[in-house]
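The values are calculated or read from the model by the stated rules, or taken from the named source; none is laboratory data. Since the model is a prediction, treat every value here as computed from it, not as a measurement. Cβ placement follows ideal geometry from the backbone for every residue including glycine, while neighbour counts extend to all protein chains displayed.
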Amino acid sequence: MKTLVATTLVIGALLAGPALAQDKAAQPPAPAQANQMKTPSAGTEMPAPAGNMGGMTMAETATAKIKFVTAKPAEVTSSKLVGKNLYNNKNENVGEIEDLVIDNGKTVTGVVVSVGGFLGMGERYVVVDPSSIFLHKADGKLKAMVDTDKDALKNAPEFKYNKNS
């Protein structure tokens with residue numbers, strides 16, 4: 001039980017909280033620069049676009065110097081979640097974690113779950129709030145759980161998702 005609570009707290013902070021590697025010294029650009037996409041000259045550093053304080057950015061070229069962080073051993077990586085079956089409290093398989101929705105390049109705001117279907121036919125996708133997924137680690141294996149049933153997930157609003165693009 002202690003492992004479940006600790007893991008839940010860690011994943012909750014990881015999924016619902018802001019990125020761990022924020023540059024607090026970075027200042028947002030002036031309002032006139034906020035929505036401009038410029039290609040910098042070689043060796044020139046550009047400030048992050050407005051609203052992006054430390055997250056990934058959509059751009060044609062990389063314009064920020066690389067930074068490294070130290071990850072805590074208890075953190076869960078996306079590769080350990082994606083493809084993981086999702087179980088309910090009755091230990092029934094209710095779906096599979098397909099992907100993570102990342103807002104502004106820094107905050108996980110949703111977990112894409114495939115529900116229904118059989119052998120890839122008829123499945124549909126829903127987005128679940130990360131705070132409603134609980135993780136349990138036992139015997140070195142990670143198990144993802146939600147407090148719901150198959151019908152509730154099948155009736156949830158559909159997420160139009162193409163995992164191949």
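Does the range 111-121 hold any residues that are under 15 Å from residue 94 (Cβ atoms), surrounded by fewer than 17 Cβ atoms within 10 Å (Cβ to Cβ) and not aromatic (Phe, Trp, Tyr), and which are they?
116, 117 - these are the residues of the range 111-121 that are under 15 Å from residue 94 (Cβ atoms), surrounded by fewer than 17 Cβ atoms within 10 Å (Cβ to Cβ) and not aromatic (Phe, Trp, Tyr).
Report yes if some residue within the range 90-104 is assigned to a loop (DSSP other than H, G, I, E, B), touching a strand residue (DSSP E or B) at 6+ places or on another chain (Cβ under 8 Å), surrounded by fewer than 17 Cβ atoms within 10 Å (Cβ to Cβ) and of a type in the set (Val, Ile, Thr); otherwise report no.
no
Of the residues 82, 69, 76, only one is without any contact (Cβ under 8 Å) to a residue 40 or more places away in the chain, among the aliphatic types (A, V, I, L, M) and within 30 Å of residue 58 (Cα to Cα); which?
None of the others qualify; the one that does is 82.
Out of everything in the range 124-144 that is in a loop (DSSP other than H, G, I, E, B) and within 21 Å of the chain's Cα centre (by Cα), what residue ends up being surrounded by the fewest Cβ atoms within 10 Å (Cβ to Cβ)?
Per the stated criteria, the residue is 129.
Could you please let me know if residue 164 is over 17 Å from the mean Cα position of the chain (by Cα), in a loop (DSSP other than H, G, I, E, B) and modelled with pLDDT of 90 or more?
No: the conditions fail for residue 164.
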